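Notes follow once the structure below has been shown.
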Amino acid sequence: MTSNPRVVFAKRPGDALPVVGEHIILDTSRTIDLDKVPLNGGFLTKTLILSPEPAIRERMRDPSITSYSTTYTVGAPIVAFAVVLVLRSEKEGINVGDYMYGQTIWEAYTVQPYIEGRINYKPEDWAPDTFDMDSLALRTVPNPNGLYPLSRYTSLLGTPGLTAFVGFEGIVEGKEGQTIFVSSGGSGVGAMVVQLSKLKGMKVIASVGSDAKAEYVRRLGADVVFNYKKQSYESALAQHGPINVYWDNVGGESLDAALEALVPLGRAVICGVVSSDNVPPAERYRLKNSHLIMKKRLTLRGFIVPDLIPQFIGKFMTEVPALMATGKLKSEEAITQGFENAPQAIVNMLSSGHNAVGKPVVVVAE
Ligand SMILES: NC(=O)c1ccc[n+]([C@@H]2O[C@H](COP(=O)([O-])OP(=O)(O)OC[C@H]3O[C@@H](n4cnc5c(N)ncnc54)[C@H](OP(=O)(O)O)[C@@H]3O)[C@@H](O)[C@H]2O)c1
């Protein structure tokens, strides 16, 4: 028998940052017989890489709070993005040695599919109105021995890259010579938006939470990078703006400053609100500049990635690997080693200041 640890969602954290051992626990009580566990027509996978992502936090909310995703069940394992390797298979089209990526149970070994019919799904079948993140399930990695490491399937080719690409293609309408401000420019999504904007010939201003991240985002090509813990959003944008487009990963104070810095008829793409994710409603930042939306005739558009996938998935699958192969799109990953460190990696990903440079990943096995 082989140990089969898993990450369990133990308690809802309310508005606070989740705590390891209280809200997220490592359950090491289970074992699995890798040779004999019944597959029931499915297949057995070994987890290689876990991808801590902000959507995990959203799914920890109380089910009474409406949002863009379904919620986790208390006592059940975390389901989130990962890269896995097929060890045994009874399923046609899935072969031993295949690499797959997508949503799966966060445990060392899993008998798949945990949702029937969701293997190698067609992205165009996604239905944004009834978006259930579990339904994303797994797809086969198209090019495992290709030009890039498997961890790229959690960054440029995973959720962050896809989010940035579809939002950029569908909403930004960037033009050469225009200026874009990207908050959390060092996040997985932000790093991709910075690079896509540079490829369009735009001037890029980015905010980050540490000097090491500032260096990283400069390496990606941003023209101006500031550390929002040392210089306020307002003063940085007054110094380096105005801006034509704002890509918002943060919300709150950064959005307020962007409203001030946007030109008349400018656009804000609202992708994330990480600054309020672990803050009680009464303590959340209140906008002071909302009147400017009308006065400057600004357009603010929120989106979630499935809204735009049917339209842009084909372009993403064709263009992004090609841009990676020619070195025009790059990414770095902040690696945490070991399945046992996965719960803490979730918390670190949610806490500004705890993150190393790059997209957070947990390497479970080589
Ligand atoms: N709309 C969608 O469909 C969709 C899909 C995926 C992700 N998203 C959103 O996109 C954003 C980036 O996601 P990701 O997966 O790329 O994230 P990530 O790589 O895990 O990075 C998140 C970053 O947020 C920053 N952060 C944390 N607390 C902050 C605060 N109070 N103020 C400012 N920055 C803070 C931290 O950077 P610093 O150290 O620089 O502060 C952290 O590294 C998130 O808001 C996420 O919710 C949206």
Given labels modelled 7 Å from the Cα in the Cβ direction, how far is it in nm from ASP27 to GLU283?
-> 3.1 nm
How far, in nm, would the chain grow between LYS46 and TYR68 when pulled straight, counting 0.36 nm per residue and subtracting the alpha carbon separation?
-> 5.0 nm
GNM of the chain, Cα pairs under 10 angstrom: of VAL189, VAL320, VAL166, the biggest fluctuation goes to VAL320
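List the trypsin sites (Lys or Arg not before Pro) within segment 242-350 that DSSP assigns to loop and that have no more than 11 neighbouring Cβ atoms inside 10 Å.
Loop-located and lightly packed - ARG286, ARG297.
So what is the relative contact order of the chain, in percent, for Cα pairs below 8 Å that sit 6 or more residues apart? Walk me through the intermediate numbers first.
Numbers: 771 pairs, mean separation 65.2, N = 366.
18 percent.
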Among the listed pairs LYS175/LYS328; LYS175/LYS359; LYS213/LYS328; LYS198/LYS229; LYS46/LYS213; LYS198/LYS315, which are separated by more than 21 Å between their Cα atoms?
-> LYS175/LYS359; LYS198/LYS229; LYS46/LYS213
Taking Lys and Arg as +1 and Asp and Glu as -1, residues besides LEU329 with C-beta under 11 Å from its C-beta add up to +3
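Let me have the relative contact order for segment 159-305, percent, based on Cα pairs under 8 Å that are six or more residues apart. Walk me through the numbers on the way to the answer.
Values: 296 pairs, mean separation 31.8, N = 147.
Over segment 159-305, the number comes to 22 percent.
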Would you mind telling me which residue in GLY167, GLY185, GLY201 has the biggest mean-square fluctuation in a Gaussian network model of the chain, where springs connect alpha carbons within a distance under 10 angstrom?
-> GLY201
Provide the net charge surrounding THR47, with neighbours chosen by a C-beta distance below 13 Å and charges set as Lys +1, Arg +1, Asp -1, Glu -1.
-> -1
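Taking neighbour Cβ counts within 10 Å as the exposure measure, how do PHE181, PHE168 sort from fewest upward? Please report the intermediate quantities before stating the final value.
Details: PHE181 30, PHE168 26.
Arranged by neighbour count, lowest to highest, PHE181, PHE168 become PHE168, PHE181.
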Which of ILE270, ILE32, ILE309 fluctuates most in a GNM of the chain (C-alpha springs under 10 Å)? That residue is ILE32
Tell me, rounded to the nearest percent, the portion of alpha carbon pairs in segment 159-305 spaced more than 18 Å apart.
-> 51 percent
Here, trypsin sites (Lys or Arg not before Pro) of segment 1-105 satisfying both criteria (DSSP loop; at most 12 other Cβ within 10 Å) are LYS36
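Over every pair of different alpha-carbon atoms in the chain, take the mean of 1/r and invert it; report that Kirkwood radius in Å. Spell out each step's value before the answer.
Numbers: mean 1/r = 0.0473 Å⁻¹.
Roughly 21.1 Å, rounded to one decimal.
Each value in this text was obtained by applying a stated rule to the coordinates, not by laboratory testing. Just so it is clear, the model here is predicted, and its values are computed rather than measured. Heads up, the Cβs are rebuilt from the backbone with ideal geometry, glycines too, and the neighbour counts pull from every protein chain shown.
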